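The values are calculated or read from the model by the stated rules, or taken from the named source; none is laboratory data. Since the model is a prediction, treat every value here as computed from it, not as a measurement. Ideal geometry is used to build each Cβ from the backbone, glycine not excepted, and the neighbour counts take in all protein chains shown. SASA here: full protein model, heavy atoms, side chains in, ligands and nucleic acids out. Shrake-Rupley method; radii C 1.70, N 1.55, O 1.52, S 1.80 Å.
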Amino acid sequence: SIVAIDFPKPVGSSGINAEYGGAVKCQHSNHLEHVINELSLHYNSTTATFVSLDCSKEGLTAYCREQHIRKLPTLKFIYLGVYLKTEYRGERRLAAIKEFIDELIDHDIPILEDIAALEKIRIDQNHRCVMGFFKSTDSPEYRNFKKVSGVFHKQCYFYAFINEVQQVPLIAVRDFALGDEVYVGKLDVVPIHSWIRDNCRPLVTEMTFENAEEIVEPNLPLLILYRNGTDKEVVNRFTQAVNTEIRDLLYREILAVHVDGNMFKHALRIAKKTAESMPVIQIDTFKFFKTMDSFEDLNQTGSLRKFVQKSLEKSQEIDEAANRNSIFQRLKPSKSRYSFSFTGHDEL
């Protein structure tokens with residue numbers, strides 16, 4: 001059943017909890033609440049618990065803000081006592097949400113014999129790969145690894161290597177552009193979760209129309225690489241430059257993304273560029289945008305950092321409203337799907 005509580009806290013250390021933020025007067029919330037009510041009938045309380053929050057209610061507004069609920073409705077999941085990295089942004093149909101939950105419940109880690117077996121698997125190299133090496137699936141270290149993998153399985157690939165001769169458990173992350181990094185720390189849930197959370201965030205994210213809302217919602221300036229189709233070499237060069245020159249700025253002052261310029265032709269046209277101009281590097285702060293003179297400027301040490309810092313400084317000097325020419329500004333959460341009134345402002 002749907003349980004309404006005044007001052008909710010993350011519940012339970014096992015199973016799945018769905019936390020739904022809405023408001024009585026929000027038509028989008030009312031629609032989703034009907035779906036959630038029906039959905040709750042498919043699960044018993046030991047498998048999945050559903051908590052409904054009225055974020056417009058006095059006493060709950062502050063809690064909703066603490067949980068980064070900035071729009072209504074918002075649907076978040078707690079898996080094994082830990083919030084999933086991102087909120088649910090899929091279709092608001094019973095079948096779609098149920099499929100998401102069932103996938104989480106049935107989540108498992110592929111077990112491989114050795115690294116050579118991993119090399120044979122076709123993996124999207126835009127995503128990082130987290131590898132765990134254990135003596136047995138009965139070991140506490142493996143169980144902790146499996147718990148955390150459920151939280152981040154949408155952000156990274158997870159694979160386990162089980163071998164009786166593996167006396168010391170080991171966890172590592174593979175970035176196909178930058179190489180491997182080994183985890184050094186206790187193999188308990190909390191430290192593993194913290195490390196994987198940081199390492200499952202790619203330096204450069206592929207942005208499409210499907211995931212654009214999630215990327216632009218934090219309102220951080222975007223450093224954008226327009227590539228021509230699946231040009232992996234260009235993406236790798238861009239990633240290397242981002243890693244070398246502006247890694248300390250990522251997720252705090254800026255996000256780095258790459259897009260297929262053939263899908264974002266309108267954005268290229270506004271920047272007075274064409275498909276023949278690619279690869280193109282641009283920064284869009286949602287107040288203004290600026291294009292780097294040439295992609296080959298990446299060959300000059302410090303050029304990317306200088307371009308980013310000057311652009312950010314320029315953006316801070318601009319007091320005017322959001323840039324109407326920014327295609328990416330228009331990809332933020334829409335009033336056709338959400339309400340923003342409970343936060344005290346109408347727009348993000």
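Work out, step by step, the length gained on full extension between residue 136 and residue 232: first 0.36 nm times the residue separation, then minus their alpha carbon distance; give nm to one decimal.
30.9 nm
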### Sparse-neighbourhood loop sites, trypsin sites (Lys or Arg not before Pro) in the range 178-242 - DSSP loop, at most 12 other Cβ within 10 angstrom
186
### the range 25-58 residues near the modelled residue 106 label - backbone nitrogen below 16 Å, point 7 Å along Cα→Cβ
43
### Task
Can you check what the net charge comes to around residue 163, using other residues whose Cβ is under 10 Å from the Cβ of residue 163 (Lys, Arg +1; Asp, Glu -1)?
-2
### Summary
The answer for chymotrypsin sites (Phe, Trp or Tyr not before Pro) in the range 119-220 that fall in a DSSP coil and have at most 11 neighbouring Cβ atoms within 10 Å is 209
### Query
Assuming R0 = 35 Å, what is the FRET efficiency of residue 114 and residue 211, from their Cβ-Cβ distance, to the nearest 0.05?
0.60
### Task
Can you figure out the FRET efficiency of residue 93 with residue 274, using R₀ = 51 Å and their beta-carbon distance, to the nearest 0.05?
0.80
## Note on the structure
Heavy-atom accessible area of the range 196-331 with neighbours in place, 1.4 angstrom probe: carbon+sulfur share in percent works out to 44 percent
### Task
Could you work out how far apart the two model spin labels at residue 38 and residue 168 are, taking each label as a point 7 Å from the Cα in the direction of the beta carbon, and quote it in nm?
5.5 nm
### Query
Distance in nm between label sites at residue 266 and residue 219, each 7 Å beyond Cα in the beta-carbon direction?
2.3 nm
### Probe 1.4 Å, accessible area per residue of the range 129-247, Å²
45 Å²
### Task
Lys and Arg at +1, Asp and Glu at -1: add these up for the other residues within a Cβ distance under 12 Å of residue 246 and post the number.
+1
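For the range 31-177, give the share of DSSP beta bridges that are antiparallel, in percent and rounded to the nearest 5; count only bridges with both residues there.
Among the beta bridges of the range 31-177, antiparallel pairing accounts for roughly 45 percent.
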#### Entry: Low-density loop cleavage sites - GluC sites (Glu not before Pro) in the range 86-187, where at most 16 other Cβ are within 10 Å (DSSP)
91, 113, 164
### Message
Nearest 5 percent is fine: what portion of the DSSP beta bridges confined to the range 158-266 is antiparallel?
### Response
30 percent
